[in-house]
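Participant: I'd like to ask some things about the structure below.
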Amino acid sequence: MNIAGLNVRIMIQKNETVTDRIGNHKSVWTDYFSCWATASDQSGDESEEASQTKEIDRMDLTVRYCSETAAVTAKGYRILLGDRIYNITHVDDMGFRKNSLKFKAELEER
């Protein structure tokens with residue numbers, strides 16, 4: 001893995017359920033882990049949905065393998081890159097070498 005290529009700082013967030021002071025359960029995103037990543041394979045597309053044009057922005061983010069990144073799954077985690085939120089669609093373990101992980105992510109609509 002080329003360490004010099006790790007040039008973007010990302011924040012991985014985890015979806016958790018918290019209870020407020022009166023007992024209501026609420027789903028919130030909390031910061032889980034921050035690390036450096038390599039952004040690659042950016043692609044974009046458009047689709048028509050309910051008479052609206054929807055932009056689809058995809059990106060691959062490669063990070064170094066560690067115990068924190070090894071726990072990340074496609075469900076329950078997302079990635080913040082700058083002010084953009086990316087939903088993780090797939091986690092590629094790069095051949096089980098425990099050297100790096102590749103997150104395939106898609107831009108979330110707001």
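The values are calculated or read from the model by the stated rules, or taken from the named source; none is laboratory data. Everything quoted here is computed from the prediction, not taken from an experiment. Note: ideal-geometry Cβ built from the backbone for every residue, glycine included; neighbour counts use all protein chains shown.
Participant: Of (1) under 11 Å from residue 61 (Cβ atoms); (2) loosely packed, with under 13 Cβ neighbours inside 10 Å; (3) of a type in the set (A, V, I, L, M, F, W, C), residue 36 satisfies all except one. Which?
Facilitator: So residue 36 meets the others, but not (2).
Participant: If I ask for residues that are surrounded by 12 or more Cβ atoms within 10 Å (Cβ to Cβ) and of a type in the set (S, T, N, Q), which ones from the range 48-68 would you list?
Facilitator: 62
Participant: Consider the range 51-81. How many of its residues are closer than 17 Å to residue 33 by Cβ and not in a strand (DSSP E or B)?
Facilitator: Looking only at that region, the number is 12.
Participant: Would you please list the contacts, defined by Cβ atoms under 9 Å and residues six or more apart or on different chains, that run from a residue in the range 62-74 that is over 15 Å from residue 86 (Cβ atoms) and in contact (Cβ under 8 Å) with a residue 40 or more places away in the chain to a residue that is among the aromatic types (Phe, Trp, Tyr) and in a loop (DSSP other than H, G, I, E, B)?
Facilitator: Within 9 Å, no pair qualifies.
Participant: Return yes when residue 16 is charged (D, E, K, R) and touching a residue at least 24 places away in the same chain (Cβ under 8 Å) and no when it is not.
Facilitator: No; evaluated as a whole, the condition is false for this residue.
Participant: Quick check on residue 110: is it modelled with pLDDT under 95, over 12 Å from the mean Cα position of the chain (by Cα) and of a type outside the set (Val, Ile, Thr)?
Facilitator: The answer is yes for residue 110.
Participant: Here are the criteria: (1) closer than 18 Å to residue 5 by Cα; (2) touching a residue at least 60 places away in the same chain (Cβ under 8 Å); (3) among the charged types (D, E, K, R). Tell me which single one residue 78 does not satisfy.
Facilitator: It fails just one condition, (1).
Participant: Let me ask another. Restrict the check to the range 41-56 and report whether at least one residue is closer than 20 Å to residue 14 by Cβ and among the aliphatic types (A, V, I, L, M).
Facilitator: no
Participant: Continuing with this model, one more query. I'm told residue 22 meets every condition in (1) part of a strand (DSSP E or B); (2) over 12 Å from residue 81 (Cβ atoms) except one. Can you identify the failing condition by its number?
Facilitator: Unmet condition: (1).
Participant: Given the options 24, 99, name the one that is more than 14 Å from the chain's Cα centre (by Cα), surrounded by fewer than 14 Cβ atoms within 10 Å (Cβ to Cβ) and touching a residue at least 60 places away in the same chain (Cβ under 8 Å).
Facilitator: Result of the check over 24, 99: 99.
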